[in-house]
Amino acid sequence: MTTPPKRPLTLRDVSDACGVSEMTVSRVLRKRGDVSEATRNRVLAAAKALGYVPNQIAGSLASQRVNLVAVVIPSLGNMVFPEVLNGINQVLEDTPLQPVVGVTDYLPEKEERVLYEMLSWRPSGVIIAGLEHSEATRAMLRNAGIPVVEIMDTDGKPIDAMVGISHRRAGREMAQAILREGYERIGFMGTKMPLDHRARKRFEGFTEGLAKAGVEIEDRAFYSGGSALAKGREMTQEMLERSPDLDFLYYSNDMIGAGGLLHLIDQGIDIPGQIGLAGFNNVELLQGLPRQLATMDACRNEIGQAAARIILNQTIPDPDPEVPSQVTLTPTLSLGDTLRRRRPR
């Protein structure tokens, strides 16, 4: 693991960076006192560039850490991150450390605000989803002086530690499984990619896997907002009206895949003989569907546990060097009832 700074940033660091006194820096950051607009802007710009976060803990406790672990995730509105949180809690529940959750809604600017507020209370560690962050967020994480674990994704370079799966590899492996079963005319449906980097990486890996066999995606559709189940039904109907010759539909997550599956069943379409389909995440709730959707387990609980173990290990006086700081887990592909078809002769 990259060695964290020996000390967190102080007012003096900001003062030296912008060329004003520590008293002036304090006034600006605490929004007190009369400071010119030009000076205020200079101080704020320096603090943001450095990743400085004011300390909310006053008096004699100001130099100490609290037994909180900041957990920053993009959403509580789907079924992915509660399992991650459960894994974190399983490891920390019999320790002094307690997880505290902040939600970013996949918005980089909100991630900055959430992290800023959480770091101001001087937690003992940070667990944050993803490897892609704004420069301001990266600066805060680099200079926090505490263990930082980026989770869910290992396709990139972490600031400190990381735990997750390779989403590009997951996409490639799904492409290979689909091709092995003899499918060739493939459509893709998923969330809009700019804010969902992990879905984008799976899509990139998926298209790379197909391209190696000389196959291209014939139709694609992306959505944002609304019920994923309803969107899956709607997009599947629209795609098959546009491209009736498709023989496989790959969805970026299980919820829209479930919607697509229900639409095909309603239409009396032979699954997987006429059309096969697959999703991603292996959401347990969907095991009650009439057919088991082909999917891939994202190792959510295991990711939470591994991240919490890293934080816990780095907060004890003598960390165990055998605890890895970079963990890439291997998801399991389940063919279910929707990805089993004999290769045409």
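The values are calculated or read from the model by the stated rules, or taken from the named source; none is laboratory data. Keep in mind that this is a model prediction, so the values were computed, not measured. Here Cβ is always computed from backbone atoms with ideal geometry, including for glycine, and neighbour counts include all displayed protein chains. Surface accessibility is based on the protein's heavy atoms, side chains included, excluding ligands, DNA and RNA. Shrake-Rupley method; radii C 1.70, N 1.55, O 1.52, S 1.80 Å.
Restricting attention to region 168-199, the residues that are open to solvent by less than 10 Å² (accessible area, probe 1.4 Å), assigned to a helix (DSSP H, G or I) and at pLDDT 95 or above total 6. Among residues of region 8-25 being under 27 Å from GLY125 (Cβ atoms) and not hydrophobic (A, V, I, L, M, F, W, C), the one that is nearest to the chain's Cα centre (by Cα) is PRO8.
Just checking, does region 280-289 include any residue being among the β-branched types (Val, Ile, Thr) and either more than 28 Å from the chain's Cα centre (by Cα) or farther than 30 Å from VAL148 by Cβ (or both)? For region 280-289, residues among the β-branched types (Val, Ile, Thr) and either more than 28 Å from the chain's Cα centre (by Cα) or farther than 30 Å from VAL148 by Cβ (or both): absent.
With respect to the conditions (1) under 22 Å from LEU335 (Cβ atoms); (2) assigned to a loop (DSSP other than H, G, I, E, B); (3) at pLDDT 95 or above, GLY273 falls short on a single one, namely (3). From the residues in region 43-62 that are more than 20 Å from ARG32 (Cα to Cα) and modelled with pLDDT under 65, which one is surrounded by the fewest Cβ atoms within 10 Å (Cβ to Cβ)? That would be SER60. The set of residues in region 269-290 that are surrounded by fewer than 20 Cβ atoms within 10 Å (Cβ to Cβ) and farther than 19 Å from ARG340 by Cβ comprises GLU284, LEU285, GLY288. Return the residues of region 153-167 that are touching a strand residue (DSSP E or B) at 6+ places or on another chain (Cβ under 7 Å) and either acidic (Asp, Glu) or not in a helix (DSSP H, G or I) (or both); say none if nothing qualifies. Of everything in region 153-167, those that are touching a strand residue (DSSP E or B) at 6+ places or on another chain (Cβ under 7 Å) and either acidic (Asp, Glu) or not in a helix (DSSP H, G or I) (or both) turn out to be ASP153, THR154, PRO158, ILE159, ASP160, ALA161, MET162, VAL163, GLY164, ILE165, SER166. Each residue in region 226-246 was checked for being open to solvent by less than 50 Å² (accessible area, probe 1.4 Å) and either closer than 21 Å to PRO194 by Cα or not in a helix (DSSP H, G or I) (or both), and 5 of them qualify. Taking into account only those residues within region 200-220 that are among the aliphatic types (A, V, I, L, M) and surrounded by fewer than 17 Cβ atoms within 10 Å (Cβ to Cβ), which is nearest to PHE280 (Cα to Cα)? The selected residue is ALA211.
Within region 291-331, the set of residues being open to solvent by 10 Å² or more (accessible area, probe 1.4 Å), β-branched (Val, Ile, Thr) and modelled with pLDDT of 95 or more comprises VAL327, THR328, THR330. Taking region 81-90 on its own, how many of its residues are in contact with a strand residue (DSSP E or B) (Cβ under 9 Å, 6 or more places away or on another chain) and open to solvent by less than 20 Å² (accessible area, probe 1.4 Å)? Total satisfying the criteria: 3.
Contact map, region 171-189: first residue farther than 12 Å from PHE206 by Cα, second residue of a type in the set (D, E, K, R) and assigned to a strand (DSSP E or B), Cβ cut-off under 6 Å, separation 6 or more or different chains; pairs are ARG185/GLU218. In this structure, ARG220 does not qualify as of a type in the set (Lys, Arg) and not in a strand (DSSP E or B). Picking from residues in region 247-265 that are part of a loop (DSSP other than H, G, I, E, B) and open to solvent by 10 Å² or more (accessible area, probe 1.4 Å), the one that is nearest to LEU286 (Cα to Cα) is ASN253.
Results for (1) among the charged types (D, E, K, R); (2) at negative phi; (3) in contact with a His (Cβ under 8 Å, 6 or more places away or on another chain), shown as yes or no for each residue.
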residue	(1), (2), (3)
GLY156	no, no, no
ASP160	yes, yes, no
VAL163	no, yes, no
LEU179	no, yes, no
GLU184	yes, yes, no
GLY187	no, yes, no
LYS192	yes, yes, no
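The sole residue among ILE146, ILE186 that is aliphatic (A, V, I, L, M), within 21 Å of PHE280 (Cα to Cα) and more than 15 Å from the chain's Cα centre (by Cα) is ILE186. Being touching a Ser or Thr at 6+ places or on another chain (Cβ under 6 Å) and either within 20 Å of PHE222 (Cα to Cα) or in a loop (DSSP other than H, G, I, E, B) (or both) holds for only one residue in THR338, THR295, THR330, and it is THR295.
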